[in-house]
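S.K.: Here's a structure for you.
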Amino acid sequence: MRSLATDPGGRSGAFIDHSAFIESLSSFSRLHRAQRWEGTFGEFLANVLPTNPAALARTSHEYIWDMLRWHGKLAQSEATESERARELFKRELFGVDAPLTRVVEYFKAAAGGSDVGRRLLLLLGPPSGGKSTLAILLKRGMEEYSRTEEGALYAIKGSPLHENPLNLVPASLRPEFRERYGVAIQGELSPWARDYVEREFEGDFVSVPVERILLSEASRFGIGTYAPHDPTTADIADLVGSVDLAKVAQIGDEGDPRAWSWSGAVYSASRGLLEMIEILKVKREFLYLLLTLTQEKNVKVSRFPLIHLDETVLAHTNLAEFHKFLQEKENEALLDRMVIIKVPYALSYKDESRIYQKLVSGAPAFRNVHLDPHVLNLSAVFAILTRLAKPEREGLDLAKKLRLYAGEAIEGVPETEATRLRSESPDEGMNGVSPRFVINAISTAITRGTTHSLTSMELLLALKDAIESDARMEAKQKKAWIDHLVTARKEFYNRWVKEDVHRAMFASFEEEAQQLLEKYLDEVEASLDHRQVTDPITGETRPADERFLRSVEEKIKVSDSGKLSFRQEVVRKAMVAFKAGEKFKLMSHARMREAIEQYLFEERRDVLRLVTSAARPDEDARQKISVVQQRLINEYGYDEYSAKEALSYVTTLLAQE
């Protein structure tokens with residue numbers, strides 16, 4: 001892995017062209033430069049509404065669905081609608097495509113008028129699993145969208161509920177409005193707005209001022225957040241407000257809407273999104289109020305009739321609180337009014353590694369520290385092993401299951417097996433080590449280290465120390481997790497580091513490997529067609545080199561009886577690539593890649609032993625060691641310290657073989 005102090009291309013101290021980012025900022029500014037507008041309701045009807053009546057009558061669910069699709073404009077043209085709608089999340093959330101798809105489907109169905117729009121959306125998952133990040137991305141996406149012309153929102157000026165001005169249209173005139181503009185008005189004026197229209201304009205709603213609003217969590221416009229504190233002291237006024245005694249003293253009537261404090265979270269979130277953090281920790285009366293809000297689109301407070309509110313309630317909680325909630329029988333009715341979406345940890349180590357990359361890239365502690373190229377992947381492998389259920393299929397262990405989940409080919413196991421395994425263990429990813437635990441262990445290792453470099457072996461030791469010193473864990477779990485560290489080292493790191501050192505033995509490994517692959521294909525085609533091979537140098541013809549073919553195939557244990565079917569499969573894949581206009585490469589066939597690599601490594605095994613095992617190397621050996629070490633640094637993401645450690649470790653592995 002490159003040093004985090006380098007530029008994105010990995011060139012330490014290289015000149016970075018900032019003009020591209022500045023242009024991105026300028027483009028963003030042009031796209032999001034909101035047109036300010038203010039006028040009377042009559043002017044709004046005459047000048048603004050006709051441009052797009054449907055957009056100005058949108059519900060909160062429709063607005064969020066349109067926002068997701070707007071962000072999806074940047075997706076690839078061949079992407080499905082669901083994939084496009086997930087574009088907002090793809091740079092921040094990894095390995096949770098299935099939950100994101102369900103979230104997107106929820107908003108699509110709710111926007112289409114489905115009954116799910118009358119249910120509270122609850123995200124359920126373990127700590128640090130991405131629930132809060134998902135909510136934050138939705139809120140930031142809405143703020144950004146509201147600054148565009150497509151996302152323009154208008155409200156009665158001064159309304160603490162940011163009410164849609166269309167609610168001013170009297171009920172008796174709404175059928176005519178629907179016929180004229182093709183959209184229905186679904187909202188009702190709040191007590192504040194009714195009092196405002198009568199008191200300030202004597203009922204002349206056409207003269208009521210209207211303005212464009214921009215959604216903002218910080219300004220409490222259309223986005224609200226509620227985090228529970230001590231349940232014994234929590235006051236429902238935090239959600240729905242209360243009588244403002246100071247104003248009562250001025251106005252003289254507690255029933256006057258002006259004497260009510262409209263600072264509750266449900267009013268802040270009106271027209272947008274209300275995030276409820278750890279919702280199951282709140283009192284039951286809070287839950288009933290929120291569920292009534294989602295189902296009936298109104299709340300009831302003392303002294304006022306029903307208050308109409310159009311907002312989406314997005315809540316999240318952890319497994320411990322949810323299981324406690326399930327044990328109380330009276331909560332069954334509440335569960336029926338929720339759409340529960342599980343948000344588990346990632347189950348692909350490649351996705352998990354991307355999470356760590358995101359976390360370390362923004363942390364000051366990592367800024368001037370070099371991580372060897374396998375630190376994050378190895379951390380991810382350990383994390384995933386703690387989350388997986390042991391497979392029941394014979395011959396399939398946790399390491400192989402982990403590779404299947406990462407999309408890697410396993411000999412004798414069909415690619416579809418991963419789908420079956422997931423269906424057998426639907427709760428995988430709902431427990432196990434969290435990304436925060438891993439990052440904390442890496443941070444501790446860096447803090448304790450004396451170099452500005454962290455190797456994979458140092459990482460494993462840091463994780464082992466974090467497990468052993470964790471007072472929350474039982475001895476049985478500690479042993480299981482330490483066993484996973486051993487599996488991660490033996491089944492993954494040993495293979496990765498040996499491949500790096502092996503490849504560094506070659507001036508151009510990829511070129512030599514590709515040439516060998518093409519030679520294998522030529523020989524195989526000649527063998528299958530029973531024809532002669534023409535030597536490119538001498539021009540002489542000869543039979544296919546069966547000895548060469550078998551020496552390659554034996555590296556991956558292809559039997560003599562199975563060689564024909566293996567060769568036919570390789571040729572078939574090569575033909576598929578050829579017809580698609582692509583070159584058949586090592587990455588096109590996992591087992592062929594392994595065979596070619598092992599064949600090349602075997603050729604250099606004597607040199608490799610010399611490079612890695614000479615106790616007192618002569619000048620020639622020192623030069624070879626230096627060349628291999630430099631290639632590890634230049635081409636494979638090591639620094640001087642980690643390259644030396646890798647060579648030393650591979651020496652130990654070879655001595656054990």
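S.K.: Need one number: convex hull volume per residue for segment 404-544, Cα atoms only, in Å³.
M.R.: Convex hull of Cα atoms, per residue: 175 Å³.
S.K.: To continue, here is another question. Principal axis lengths of segment 343-487 from Cα atoms, whole Å, largest first?
M.R.: Principal extents (Cα only, largest first): 46, 31, 28 Å.
S.K.: Quick one: of K90/K644; K73/K573; K108/K401; K90/K157; K281/K476; K108/K350, which pairs are farther than 32 Å apart, Cα to Cα?
M.R.: K90/K644; K73/K573; K108/K401; K90/K157
S.K.: Keeping all protein chains in the complex and leaving out DNA, RNA and ligands, what accessible area do you get for V48 with a 1.4 Å probe, in Å² to the nearest 10?
M.R.: 10 Å²
S.K.: While we're here: Would you mind putting 172-185, 442-455, 492-505 in packing order, based on average other-beta-carbon counts within 10 Å, highest first?
M.R.: 492-505, 442-455, 172-185
S.K.: Which log10 I(q)/I(0) values, to two decimals, does segment 208-367 give at q = 0.16, 0.18, 0.20 Å⁻¹ under the Debye formula with one point per Cα?
M.R.: Log10 of I(q)/I(0), two decimals: -1.05, -1.20, -1.33.
S.K.: Which percent of Cα-Cα pairs in segment 276-355 sits in each 10 Å bin, short to long?
M.R.: 14, 41, 26, 14, 4, 1
S.K.: Let me ask you something else. Would you check the accessible area of M473, probe 1.4 Å, heavy atoms only, in square angstrom rounded to 10?
M.R.: Accessible area of M473: about 20 Å².
S.K.: Amide H to amide H, which residues 5 or more places from D310 or on other chains are under 5 Å from it, using H placed in the peptide plane?
M.R.: Amide H neighbours of D310: R271.
S.K.: Quote the accessible area belonging to H71 in square angstrom, nearest 10, computed with a 1.4 Å probe and with ligands, DNA and RNA left uncounted.
M.R.: Estimated to the nearest 10 Å², H71 gives 20 Å².
S.K.: Going by accessible area, probe 1.4 Å, with all protein chains left in place, what is the ranking of Y267, Y636, Y154, largest first?
M.R.: Largest accessible area first, the list is Y636, Y154, Y267.
S.K.: Now a separate question. Under the rule of -39500 (n - 2.57) per DSSP H run of 4 or more residues, summed and divided by the residues of the chain, what mean residue ellipticity at 222 nm is obtained, to the nearest 500 deg cm²/dmol?
M.R.: After summing the helix terms and dividing by residue count, I get -15000 deg cm²/dmol.
S.K.: Still on this structure, please answer the following. At 1.4 Å probe size, with every protein chain present, just tell me what the per residue accessible area of the chain comes to in Å².
M.R.: Accessible surface, normalised per residue, equals 50 Å².
S.K.: With all protein chains present and a 1.4 Å probe, how do H18, H530, H370 order by accessible area, largest first?
M.R.: Result, largest first: H530, H18, H370.
S.K.: Output the Cα-based Rg and Dmax of segment 417-476 in Å, rounding Rg to one decimal and Dmax to a whole number.
M.R.: Over segment 417-476's Cα set, Rg and Dmax evaluate to 15.6, 47 Å.
S.K.: Stick to Cα atoms and the Kirkwood definition of Rh, then tell me Rg/Rh for segment 312-425.
M.R.: Ratio of gyration radius to Kirkwood radius: 1.08.
S.K.: When the accessible area of segment 65-153 is split by element with a 1.4 Å probe, what percent falls to carbon and sulfur?
M.R.: That fraction is 47 percent.
S.K.: Show me, for segment 638-649, the HN-Hα J-couplings you get by feeding each phi into the Karplus relation (A = 6.51, B = -1.76, C = 1.60, θ = phi - 60°), rounded to Hz, glycine and proline as x.
M.R.: So the J values, rounded to whole Hz, are 8, 10, 4, 5, 5, 5, 4, 5, 5, 4, 5, 5.
S.K.: Additional query: Starting from the Cα coordinates of segment 139-249, work out the convex hull volume and express it per residue in Å³.
M.R.: 157 Å³
S.K.: Using the eigenvalues of the Cα gyration tensor, what equivalent ellipsoid semi-axes result for segment 102-180 when each is taken as the square root of five times the eigenvalue, whole Å, largest first?
M.R.: Largest first, segment 102-180 gives 31, 18, 12 Å.
S.K.: Please report, in debye to the nearest 20, how large the charge dipole of the chain is about its Cα centre when each Lys and Arg carries +1 at its beta carbon and each Asp and Glu carries -1 there.
M.R.: 580 debye
S.K.: Follow-up. Taking the Cα atoms only, what angle lies between the long axis of helix 563-579 and the longest principal axis of the chain, rounded to 10 degrees?
M.R.: It works out to around 50 degrees.
S.K.: Another question, if that's okay. Considering only protein heavy atoms, with the full assembly of protein chains and a 1.4 angstrom probe, order E143, E78 by accessible area, largest first.
M.R.: The ordering from most to least exposed comes out as E78, E143.
S.K.: On to the next question. With an 8 Å cut-off on Cα pairs and a minimum separation of 6 or more residues, tell me the relative contact order of the chain in percent.
M.R.: 13 percent
S.K.: Further question on the same structure: What residues qualify as long-range amide H neighbours of V210, i.e. H under 5 Å apart, gap of 5 or more or another chain, H built at 1.01 Å from N?
M.R.: Residues meeting the amide H criterion: G39, T40, F41, K157.
S.K.: Using the Cα atoms of the chain to build a convex hull, what is its mean projected area in square nanometres?
M.R.: Directional mean of the projected Cα hull area for the chain stands at 39.8 nm².
S.K.: Further question on the same structure: When the Cα centres of segment 363-384 and segment 291-310 are compared, how far apart do they sit, in Å?
M.R.: A separation of 49 Å, based on Cα centres.
S.K.: A further question follows. Give a residue-ordered list of calculated ³J(HN,Hα) values for segment 450-459 (Karplus: 6.51 cos²θ - 1.76 cosθ + 1.60, θ = phi - 60°; whole Hz; x for Gly, Pro).
M.R.: Listing the rounded values in order: 9, 10, 8, 8, 10, 9, 5, 5, 5, 4 Hz.
S.K.: If amide hydrogens are placed 1.01 Å from N in the peptide plane, which non-local residues have theirs closer than 5 Å to the one on K342?
M.R.: Excluding prolines and chain starts, which carry no amide H, the hits are L124.
S.K.: Based on the alpha carbons, how large is the Rg to Rh ratio for segment 206-302 when Rh follows Kirkwood?
M.R.: Over the Cα atoms of segment 206-302, Rg/Rh equals 1.00.
S.K.: Compute the helix-to-body angle for 590-603: its Cα long axis versus the longest principal axis of the chain, expressed 0 to 90° and rounded to tens.
M.R.: Approximately 40 degrees, to the nearest ten.
S.K.: May I pose another question? Loop-only GluC sites (Glu not before Pro) in segment 540-606, please: DSSP not H, G, I, E or B, and at most 13 other Cβ atoms within 10 Å.
M.R.: Here the GluC sites (Glu not before Pro) that fit, given the DSSP loop and packing criteria, are E540, E582.
S.K.: Related question: So what J values fall out for segment 329-345 if you push phi through Karplus, 6.51 cos²θ - 1.76 cosθ + 1.60 with θ = phi - 60°, rounded to Hz, Gly and Pro as x?
M.R.: Result, rounded to whole Hz: 4, 5, 8, 4, 5, 5, 4, 5, 9, 10, 9, 9, 10, 6, 10, x, 5.
The values are calculated or read from the model by the stated rules, or taken from the named source; none is laboratory data. These numbers come from a predicted model, not from an experiment. Counting neighbours? That spans all protein chains shown, and the Cβs are built from the backbone with ideal geometry, glycine included. Just the protein is used for accessible areas: all its heavy atoms, side chains included, with ligands, DNA and RNA removed. Shrake-Rupley method; radii C 1.70, N 1.55, O 1.52, S 1.80 Å.
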